[in-house]
Amino acid sequence: MILDDIDARPGSATSLLRTVVGLYLRDLGGAVATADLVALLDAVGIRPTGARSAISRVKAKGLLVAETVDGRPGYRLAPGADAMLARGDRRIFAYRQQADDDPWCLVSFSIPEGRRDARHQLRRHLGWIGCGTVADGLWIAPGHLIIEVEEILDHLDLRGAATLFSSGTPRPAGSFADAAARWWDLDRLAALHRAFLAEHDRVRPRQDPVADGAESARDAFSRWVRAVDDWRVIPYLDPGLPPSALPRDWPGTASVALFADLRTRLEPLAAEHVRAVVTGVASPAGR
């Protein structure tokens, strides 16, 4: 099993490559020539030397394997990568907000001191998928994440050290909103949403580039990849808490809407640029 990459910093060459691979490699049959991949990264501002270094790092993480593609050096998705990317698609493109009456998943675990590193990895990965910390050995997540929690436990060989409970809304002392503010770092999550809004709303064109030709396919590709790269960490770290658990001025509602708008306007033209790079034939609408 390949777990999602939680180390790559958004905007870095490695993260942008990971985003390009996740967005397009499956539509290309799972493989791409190295030269074409380098050309795609050039459109988002990564020079060839940096692109090749990033490819090496992503290969070392187990996402890509070397393969000849149409007689040229290239890369194919590693076995098991499809499942990881499909999980990412569900998070990135189908952001799910918990309703007040939806079930919750409680994760109770006890790991011996001799497996301290495994305990650290478990906490790290639970935090990465949006779980909150109720106590040292008790974590909480929206109920629909229970399968992902089990996959993490299996991957770390810790399934026998944990028990999962499906429960109704917790009943802490005080309000659920106050408890949620202790269990999750809501200030950090709000800052991520505000940063996304600040970066991508300020460059949003007021006309539809598909309709008026105001934006080239290459430009749309660059903006779409960077938007996805900045966005894709948010729906992992933000579990989509119900409105009753969030501050009134929660910026997540606006950033979710902005991402959906960017997708509608940029994704089709971006796909045209990818086809043009890989096939060498530009679409008249995307020039």
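Bear in mind these aren't lab numbers, they're just calculated from the coordinates by the rules spelled out. Quick caveat: nothing in here was measured; it's all calculated off a predicted structure. When we count neighbours, we look across all protein chains shown, and the Cβ atoms used for this are built from the backbone with ideal geometry, even at glycine.
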query: Sequence-distant or interchain residues sharing an amide H contact under 5 Å with Leu64, placed H: which?
result: Lys59, Ala78
- request: Using amide H atoms built 1.01 Å from N in the peptide plane, name the residues 5+ places from Val69, or on other chains, whose amide H lies under 5 Å from its own.
  value: Gly74
task: Once you have a ≥ b ≥ c as the square roots of the Cα gyration tensor eigenvalues for the chain, tell me rounded if a/c is under 1.5, and otherwise prolate or oblate according to whether a/b is larger than b/c.
output: oblate
message: Along the charge dipole of the chain, pointing to its positive end and built from +1/-1 on Cβ of Lys, Arg, Asp and Glu, which listed residue (Ala271, Leu37, His144) has its Cα farthest out?
response: Leu37
query: Hey, what angle do you get for helix 252-279 against the long axis of the chain, alpha-carbon based, 0 to 90 degrees rounded to 10?
result: 30 degrees
message: Just to confirm the number: angle between the C-alpha axis of helix 217-231 and the first principal axis of the chain, 0 to 90 degrees, nearest 10?
response: 10 degrees
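Could you work out [θ]222 nm for the chain from helices alone, using -39500 (n - 2.57) per DSSP H run of at least four and dividing by all its residues? Round to the nearest 500 deg cm²/dmol.
My calculation for the chain gives -15500 deg cm²/dmol from helical runs alone.
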query: How far is helix 34-43 tilted, in degrees, relative to the longest principal axis of the Cα atoms in the chain, given as a value from 0 to 90 rounded to the nearest 10?
result: 80 degrees
Around Ser255: net Lys/Arg minus Asp/Glu count, Cβ-Cβ under 11 Å: -4
message: Between Asp82, Asp230, Asp27, where does the largest GNM mean-square fluctuation fall for the chain, given springs only between Cα atoms within less than 10 Å?
response: Asp27
- request: Report the Stokes-Einstein translational diffusion coefficient (µm² s⁻¹, integer) for segment 102-168, Rh taken as the Kirkwood radius over Cα pairs, at 25 °C with viscosity 0.890 mPa s.
  value: 210 µm²/s
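Taking the Cβ of Gly132 as the center, what net charge do the other residues with Cβ under 10 Å away carry, scoring Lys and Arg +1 and Asp and Glu -1?
Values: positive: Arg182; negative: Asp185.
Net charge in that neighbourhood comes out at 0.
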